[in-house]
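**Student:** Mind looking over this structure? Questions follow.
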Amino acid sequence: GENVEQHPSTLSVQEGDSAVIKCTYSDSASNYFPWYKQELGKGPQLIIDIRSNVGEKKDQRIAVTLNKTAKHFSLHITETQPEDSAVYFCAATGDDKIIFGKGTRLHILP
Amino acid sequence: EADIYQTPRYLVIGTGKKITLECSQTMGHDKMYWYQQDPGMELHLIHYSYGVNSTEKGDLSSESTVSRIRTEHFPLTLESARPSHTSQYLCASKQGSEQYFGPGTRLTVT
């Protein structure tokens with residue numbers, strides 16, 4: 001069935017450095033790729049998304065890239081800050097149910 | 001900003017009790033979902049609905065039941081709570097591609 005693989009499961013970066021989280025998907029019909037951030041005690045929040053007709057999208061310190069041929073997409077966070085510490089989920093969907101990765105726990109070290 | 005609400009936010013209850021977790025959204029979304037989130041972060045789909053009077057079981061088997069009598073309301077019920085039901089329960093709604101989550105209910109069954 002459809003699957004989304006997410007790596008790494010845990011990531012620690014020094015404050016100010018960049019963080020990269022990578023995902024691969026199996027369903028070639030997927031055309032929408034959202035990223036969610038979940039802080040402690042809260043529900044996941046949509047932070048950025050990309051559609052299959054776009055290769056890259058940026059919003060301030062976060063960016064997403066999509067390689068449709070390889071079925072890879074990535075989240076890039078630059079100049080990381082303490083408030084970036086959270087769990088991040090990638091996801092892929094076509095017209096039906098959204099498939100989530102297993103999550104990456106990001107720690108920003110002071 | 002998503003308008004999706006869950007109550008209660010936290011619930012501690014004894015074994016054998018009947019409980020209902022409430023979820024409501026004011027966005028008029030047709031599609032609604034319930035996820036169970038384990039301590040390892042992964043999101044498991046347990047129920048979904050594509051509209052009024054439509055309910056389906058998700059990928060993870062669950063002893064809970066749901067109903068969808070009104071578009072804005074999607075409650076989840078456990079007839080007899082057990083310690084194995086202890087978890088975080090997340091409700092979500094979707095229109096088009098974008099899916100939004102509620103804040104979650106942390107359920108502890110003693």
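The values are calculated or read from the model by the stated rules, or taken from the named source; none is laboratory data. All values reported here derive from a predicted model rather than from experimental measurement. Every residue, glycine as well, gets a Cβ built from its backbone with ideal geometry; the counts of neighbours run over all protein chains shown.
**Student:** Looking only at residues in the range A:1-36 that are surrounded by 15 or more Cβ atoms within 10 Å (Cβ to Cβ) and charged (D, E, K, R), which one is modelled with the lowest pLDDT?
**Tutor:** Per the stated criteria, the residue is A:E2.
**Student:** Right, here's the next one. A:D27: within 17 Å of A:K97 (Cβ to Cβ), of a type in the set (D, E) and in contact (Cβ under 8 Å) with a residue 12 or more places away in the chain, yes or no?
**Tutor:** Yes; evaluated as a whole, the condition is true for this residue.
**Student:** Turning to a different aspect of this structure: Suppose we keep only residues that are within 11 Å of another protein chain (Cβ to nearest Cβ) and within 14 Å of the chain's Cα centre (by Cα) within the range A:18-36. Which one would you say is nearest to A:L109 (Cα to Cα)?
**Tutor:** A:Y36
**Student:** Assuming A:E39 fulfils every condition listed in (1) crowded, with 16+ Cβ neighbours inside 10 Å; (2) acidic (D, E); (3) touching a residue at least 24 places away in the same chain (Cβ under 8 Å) apart from one, which condition is it?
**Tutor:** (1)
**Student:** I've got another one for you. Which of (1) part of a loop (DSSP other than H, G, I, E, B); (2) within 15 Å of the chain's Cα centre (by Cα); (3) aliphatic (A, V, I, L, M) is the odd one out, the single condition B:L107 does not satisfy?
**Tutor:** Tallying (1) part of a loop (DSSP other than H, G, I, E, B); (2) within 15 Å of the chain's Cα centre (by Cα); (3) aliphatic (A, V, I, L, M), B:L107 fails exactly one: (1).
**Student:** When the range A:52-110 is examined, which residues are found to be under 13 Å from the mean Cα position of the chain (by Cα), away from every other protein chain (no Cβ under 11 Å) and of a type in the set (V, I, T)?
**Tutor:** Answer for the range A:52-110, where residues must be under 13 Å from the mean Cα position of the chain (by Cα), away from every other protein chain (no Cβ under 11 Å) and of a type in the set (V, I, T): A:I62, A:V64, A:T65, A:I77.
**Student:** Here is a further query. Only residues that are closer than 14 Å to A:P34 by Cα and not hydrophobic (A, V, I, L, M, F, W, C): list them for the range A:54-70, please.
**Tutor:** A:G55, A:E56, A:K57, A:K58, A:D59, A:T65
**Student:** Could you list, in sequence order, the residues of the range B:49-79 that are hydrophobic (A, V, I, L, M, F, W, C) and without any contact (Cβ under 8 Å) to a residue 24 or more places away in the chain?
**Tutor:** Listed by number, the residues that qualify are B:V52, B:I69.
**Student:** Sticking with this structure for a sec: If I ask for residues that are part of a strand (DSSP E or B) and in contact with a Lys or Arg (Cβ under 6 Å, 6 or more places away or on another chain), which ones from the range B:55-92 would you list?
**Tutor:** B:T55, B:Q88
**Student:** Between a first residue in the range B:19-48 that is more than 10 Å from chain A (Cβ to nearest Cβ) and in contact (Cβ under 8 Å) with a residue 60 or more places away in the chain and a second residue that is of a type in the set (V, I, T) and part of a strand (DSSP E or B), which pairs have beta carbons less than 6 Å apart while being 6 or more apart in sequence or on different chains?
**Tutor:** B:I19/B:I13; B:L21/B:T105; B:Q25/B:I4
**Student:** So is B:T86 over 15 Å from A:P44 (Cβ atoms) and of a type in the set (S, T, N, Q) or not?
**Tutor:** yes
**Student:** Let me ask something else about it. Name the strands (runs of 3 or more DSSP E) wholly inside the range A:71-110 in which the number of residues that are at pLDDT 95 or above and surrounded by fewer than 17 Cβ atoms within 10 Å (Cβ to Cβ) is 3 or more.
**Tutor:** Per the criteria, A:104-109.
**Student:** Kindly evaluate B:E22 against the criterion of being among the charged types (D, E, K, R) and more than 12 Å from the chain's Cα centre (by Cα).
**Tutor:** In short, no.
**Student:** For the range A:1-20, which positions are charged (D, E, K, R), touching a strand residue (DSSP E or B) at 6+ places or on another chain (Cβ under 7 Å) and under 14 Å from A:T78 (Cβ atoms)?
**Tutor:** A:E15
**Student:** Taking interchain pairs and intrachain pairs at least six residues apart, which have beta carbon atoms under 7 angstrom, with the first residue in the range A:53-71 and closer than 21 Å to A:D84 by Cβ and the second part of a loop (DSSP other than H, G, I, E, B) and modelled with pLDDT under 95?
**Tutor:** A:T65/A:G55
**Student:** Can you tell me which of (1) modelled with pLDDT under 95; (2) within 13 Å of another protein chain (Cβ to nearest Cβ); (3) more than 13 Å from the chain's Cα centre (by Cα) is the one B:Y10 doesn't meet?
**Tutor:** (1)
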